[in-house]
Amino acid sequence: MIDTDTTLDMGRMAEPGAPVISVRGLAKRYGRYQAVKGIDLEVRHGEIFAFLGPNGAGKTTTVEILEGFRSRTAGEVSVLGVDPADAGAEWRDRVGVVLQESAVEPGLSVRECLELYAGYYRTPRDIGETIALVGLSEKAGALGGSLSGGQRRRLDVALALIGDPELIFLDEPTTGFDPSARRAAWEVVAGLRELGKTVFLTTHYMDEAEYLADRIAVIADGEIVAEGTPQTLGGRDHMTAAIRFTLPDGVAVRNLPAGLRPLAETQPSGGAVIRSETPLLHVQMLADWALGRGFDLPDLDVRRPTLEDVYLSLTAPTGGTHR
Ligand code: ATP
């Protein structure tokens, strides 16, 4: 959906991989309540960084400090090389913000709305190009008030892009979208990375983080409890896989080969599960054993922990793996 041939002003962009956001010991207290407890974060140029956490974990507080909309109690913050607390208009032009609340003007057309916002910036992007970028060309003349929820969100993204920012904050960009609108929005966000933008994404959707994010940080109760890629977060890549299957009548877990028996258990449902750190090897052993005895395991299923499994264990109120 994104037209990646649309050239942006690459001149002022940082080196790929250079830190765009750097946070050390960031703390925020509301009265006696410590909402953010001395967190460290680093977001690199050109990546999509997802910030996850339960309600009340401190996401909005942190993001609004990074956006320069909220003061902090302690810590060092650098965004595009500037402390947001002291940043001026020039810095603000380099940062795009898509809030949860839509900025669309209901009485203006898509084009007019972008023209209005373009007037706030010194070097705005081309309006037609920006409309095309978010896939709204067919709706350029439609009034903001007549757009669907998904189209309004696209216009929100266009409004955040019109100043040609280097860094874009997206706050829960697909909340309330139907599945196809979410997919379309993901393509827009993924396209921002292709254009060399850095994206700081807040979301409650694990599939969204998994699809879009290069790296993820999870905040819970004001502390960062895990950081990594979607594949490695919270040690996910080293977690055991569950190999599930149902044995035929008359065959029990104790009949499995010696190499599998200690790893296997019977489930309350009557099925069996093998917890394995080497699932390919163990599936092969299981398949050789079953086929050698002349039966199939038709419901065989191999499952690694999902990002949601990992997230839930990291953010569990009790018994989690908080560091
Ligand atoms: P959500 O997912 O629900 O949006 P969040 O992770 O964004 O949550 P924050 O809005 O940062 O959470 O809030 C963190 C904590 O700080 C919460 O307990 C909240 O009640 C508290 N808090 C936030 N803003 C204020 C404020 N202005 N005054 C007092 N407490 C606040």
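Taken together, the values in this text are just the output of simple stated rules run on the coordinates, not laboratory data. Treat the numbers as computed from the prediction; the structure is a model and nothing was measured. Please note: Cβ atoms are built from the backbone with ideal geometry, for glycine as well, and neighbour counts cover all protein chains shown.
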Discussion item. Given axes a ≥ b ≥ c from the Cα gyration tensor, I'd like to know whether region 13-95 is rounded (a/c under 1.5), prolate (a/b larger than b/c) or oblate.
Written reply: prolate
Worksheet item: Dipole magnitude of region 236-290 about its Cα centre, charges +1 at Lys/Arg Cβ and -1 at Asp/Glu Cβ only, in debye to the nearest 20?
Response: 100
Worksheet item: In terms of the Cα gyration tensor, with a ≥ b ≥ c the square roots of its eigenvalues, is region 49-148 rounded because a/c is under 1.5, prolate because a/b exceeds b/c, or oblate?
Response: prolate
Response to the item:
With the 8 Å Cα cutoff and a minimum separation of six or more residues, the chain has a relative contact order in percent of 19
Item to complete: Treat each spin label as a single point 7 Å out from the Cα along the C-beta direction, and report the F295 to E138 distance in nm.
Response: 5.4
Practice prompt. Return the whole-Å distance between the Cα centroid of region 145-164 and the Cα centroid of region 96-125.
Written response: 8
Worksheet, complete the sentence: Only helices counted: for the chain, with every DSSP H run of 4 or more residues adding -39500 (n - 2.57) and the sum spread over all residues, [θ] at 222 nm is -8000 deg cm²/dmol
Worksheet item: Taking the highest mean first, how do the peptides 157-165, 288-296, 120-128 order by number of other beta carbon atoms within 10 angstrom per residue?
Response: 157-165, 120-128, 288-296
Discussion item. Please report the net charge: other residues with Cβ closer than 10 Å to the Cβ of E101, K and R +1, D and E -1.
Written reply: -2
Item to complete: Would you work out which of T73, T232, L192 lies farthest towards the positive end of the dipole of region 19-235? Charges go on Cβ: Lys and Arg +1, Asp and Glu -1.
Response: T73
Discussion item. Between F69 and T278, what's the calculated FRET efficiency when r is the beta-carbon distance and R0 is 51 Å? Round to 0.05.
Written reply: 0.55
Fill in: Spacing of the two label points (7 Å from each Cα toward its C-beta) at Q34 and M239, in nm
2.8
Fill in: Between region 65-81 and region 226-280, the alpha-carbon center distance in angstrom
45
Worksheet, complete the sentence: Among I168, G56, G250, the residue whose Cα sits farthest towards the positive end of the charge dipole of the chain, when +1 is placed on the Cβ of each Lys and Arg and -1 on the Cβ of each Asp and Glu, is G250
Worksheet, complete the sentence: Filtering GluC sites (Glu not before Pro) in region 71-180 by DSSP loop and by at most 12 other Cβ atoms within 10 Å leaves E101
Fill in: Options A264, I274, P305, ranked by Cα towards positive dipole end of region 264-323, top entry (Cβ charges)
P305
Item to complete: For region 19-235, give the magnitude of the charge dipole about the Cα centre (Cβ charges: +1 Lys/Arg, -1 Asp/Glu; no others), in debye to the nearest 20.
Response: 380
